[in-house]
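The values are calculated or read from the model by the stated rules, or taken from the named source; none is laboratory data. Please read these numbers as outputs of a predicted model, since none were measured by experiment. Cβ: placed from backbone, ideal geometry, glycine included. Neighbour counts: every protein chain shown. We work out accessible area using only protein heavy atoms, side chains counted, and drop any ligands, DNA or RNA first. Shrake-Rupley method; radii C 1.70, N 1.55, O 1.52, S 1.80 Å.
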Amino acid sequence: MKTPSPDLYRIIKSLSSQEKRYFKLFAKEEGDDLSYVRLFDAIDSLEFYDESKVMQILEKKGKIKNLSRVKNYLQETIFKFLEQHYSDYSVAVELQRLIQRIEILFSKRLFGLASKTIQKAEQLATKAQRNTYLLLIQHWKYQVDFENANEKNLNTYLKEGYFAEQQTIEVCKNIVEYRRLNTRLMLITSFSNVDSKAREREFKNLLADPYLKDESKAIAIPTKELYYKILGHIYFWLQDWKKCFETKKRSIELFEKFPSEEQSQLTDYILDIGTAMGALYYLGKTNELLFYKNKVERLMQDLPPKVKTARIYNAYMNVTNNYISTLVLLLDMKEALKESEKLSSDIQKYGMEDSIRIFNYHFCLICFHMGDFHKALRYSNKIINSEKNQSRLDIFNWVKVLNVLVHYELGNEDLLAPLCKSTANYLLKKEALNPVYKLLLDFISAISLAEFSESEKKKRFTELKKELDKTISDPGDKEVMYDFDIRSWIISKVEKRTLMEVLRDKAKGK
């Protein structure tokens, strides 16, 4: 028996609460038979897709005949609604609609109306730099002129139309070259298992490509956007923060000079601001962070509700998450807590899995630093209980260890030894038990099983600090704790002080 597809469920769950409300209003205008709206509500009520549960819900609300047909109708109606809903703010949707209209007018030999529609579509595509659409529009322009042939039309094509098409083709080829470079970058950053030195060589080889060495090779706005995006990412990975910031700043300025409400461009703009903020932190220019964060917040306030898609919200949340992370590194925990609480409701409504995981991790870190270990436990457990989420497994693995430290701080000694063992076994199975994690888990397990005096505990923590310094020999090993200074935590145990006191003294150079 064929397994029911969860595609419709995924489409419905991708809608924001506002989109769901508008959809129901749209459905009422479409007709009297609202059985598909009952199906919509039934599917939307599920946490995970299960067709048998959908049937149970519908039995109570009113059985639907021919469920398969109604499911297909519901899916098509959602697409129809979304196309209409976003037509005012999506250039692509509007261009597709105009091109479809041109084809219909051409088939009916209404060449005058077709030419007027072509002119409108051409102006829109040119203004929005949508060159692939522009090429198709120019094709239809030629088709109409050729079908409605006269000497003037044919001469106009040879003097103007031919060269316009050639120029558009050159821009499209240019875009493809930068897409090739962007694909190479993604392979290096996301799918390469080489060591850091080999990865650095790959980045430098990429930088040597003629299309990245010479900015003049980017001949149009879309290719300049890709040029800055690729360069900024390479400099970020190479930790060349000055060049990273300068490149991202130019990308931000380019967008602001040629603003757009296209979802992909808005998303890239927001993410560029987030990367620029990260570079500013490492450059020590933390006084400029608020300026860039406010840019994003003003943008989100000014955007029409229709444009605030889940993708754009997620980009905004990534920027805010990065800002919170910076506040944690700056030891401004009160401000970090304030920003986290402000973001909390939105992240649950609109956040994607990676954003939610990072948010929960930051909240856990803030609470740990502030000594609120019960709340830190709650947020670390939220992450651990989301094991099915495959995003940011690096953070998930570290939180498994951090959760052990939280239990240690809470004095849950009976839990520590078995928890250390299960955590070590889990990480070993996932090939994620690095030397730092192993050292910490072995230490906490051993110290929880023995009844040490305070002076003996101090001695053991002092020895742990020495072992940690030996273990962290590679600079990359320092990154496995993600904004958590484990060495300072150990010192706080040796000196019987709070973690924040130790960190503040360290920041002052004491």
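Each of TYR49, LEU405, LEU331 was scored by the projection of its Cα onto the charge dipole of the chain, and the greatest displacement toward the positive side belongs to TYR49; charges sit on the C-beta of Lys, Arg, Asp and Glu.
The dipole here belongs to the range 268-417: it is taken about the Cα centre, uses +1 on the Cβ of Lys and Arg and -1 on the Cβ of Asp and Glu, and is about 440 debye. How would you classify the range 138-187 from its alpha-carbon gyration tensor, with a ≥ b ≥ c the square roots of the eigenvalues: rounded for a/c under 1.5, else prolate if a/b is greater than b/c, otherwise oblate? Verdict is prolate for the range 138-187.
Determine which lysines satisfy two conditions relative to LYS338: a Cα distance under 17 Å, and not lying fewer than 8 residues away in the same chain. Within the straight-line cut-off, LYS338 pairs with LYS293, LYS375. Dipole of the chain computed with +1 at Lys/Arg Cβ and -1 at Asp/Glu Cβ about the Cα centre; of SER453, THR223, LEU503, farthest Cα towards the positive end is SER453. Seen from all directions on average, the range 233-272 presents a Cα convex hull projection of 2.7 nm².
Over all Cα atoms in the range 41-103, the spread is summed up by Rg and Dmax: 16.6, 48 Å. Where the alpha-carbon atoms of the range 147-291 are placed on the principal axes, they occupy 66, 36, 24 Å, in descending order. Give me log10 I(q)/I(0) at q = 0.13, 0.17, 0.24, 0.26 Å⁻¹ for the range 70-140, Debye formula, one equal scatterer per alpha-carbon, no solvent. These q points yield log10 I(q)/I(0) values of -0.43, -0.67, -0.99, -1.07. Around the Cα centre of the range 239-311, unit charges on the Cβ atoms of Lys, Arg, Asp and Glu (plus for the first two, minus for the last two) sum to a dipole of about 120 debye.
Evaluated with a Cβ-only charge set (Lys, Arg +1; Asp, Glu -1), the chain carries a dipole of roughly 180 debye about its Cα centre, given to the nearest 20. When the chymotrypsin sites (Phe, Trp or Tyr not before Pro) in the range 103-201 are filtered for DSSP coil states and for at most 12 other beta-carbon atoms within 10 Å of their beta-carbon, the remaining sites are PHE191.
Taking only Cα atoms, what is the 0 to 90° angle, nearest 10, from helix 91-107's long axis to the longest principal axis of the chain? In the chain, helix 91-107 runs at an angle near 20 degrees to the longest axis. With contacts taken as Cα pairs under 8 Å and at least 6 residues apart, the chain reaches a relative contact order of 7 percent.
For GLU165, what charge total do you get from the other residues with a beta carbon under 14 Å from its beta carbon, if Lys and Arg give +1 and Asp and Glu give -1? So the environment of GLU165 carries a net charge of -1. If you take all C-alpha pairs in the range 385-426, what percent of them are over 11 Å apart? Result: 66 percent of Cα pairs exceed 11 Å. The listed residues ARG378, ARG38, ARG357, once ranked by accessible area (1.4 Å probe) with the largest placed first, stand as ARG378, ARG38, ARG357. Taking each of LYS20/LYS71; LYS466/LYS496; LYS116/LYS141; LYS248/LYS508; LYS349/LYS400 in turn, the alpha-carbon distance tops 20 angstrom for LYS248/LYS508; LYS349/LYS400.
Sorting ASP354, ASP302 by solvent-accessible area of protein heavy atoms yields ASP302, ASP354, largest first, with a 1.4 Å probe. When restricted to Cα atoms, the chain yields an Rg and a Dmax of 28.5, 102 Å, respectively. One way to sum up the overall shape of the range 220-333 is the equivalent ellipsoid from its Cα gyration tensor, whose semi-axes run 22, 19, 11 Å, largest first.
Entry note, the range 218-281: relative contact order of 34 percent, from Cα contacts under 8 Å with a spacing of 6+ residues.
In this structure the chain gives 56 Å² per residue of accessible area when probed at 1.4 Å with all protein chains present.
Protein-only accessible surface at a 1.4 angstrom probe places the residues GLU160, GLU94, GLU413 in the order GLU160, GLU413, GLU94, largest first. Here the average projected area of the convex hull drawn through the C-alpha atoms of the range 356-510 stands at 9.1 nm². Within the accessible area of the chain, the carbon and sulfur atoms contribute 51%, probe 1.4 Å, all protein chains present. Computed over the alpha-carbon atoms, the range 1-155 gives an Rg to Rh ratio of 1.15, Rh here being the Kirkwood radius from the mean inverse distance. Across the range 180-231, the volume of the C-alpha convex hull divided among the residues equals 65 Å³ per residue. Pairs of Cα atoms in the range 287-371 fall into 5 Å distance bins, from 0 up to the last occupied one, in shares of 3, 15, 26, 24, 18, 9, 3, 1, 0 percent.
Here, the range 79-218 has an Rg and a Dmax of 20.7, 65 Å when only alpha carbons are counted.
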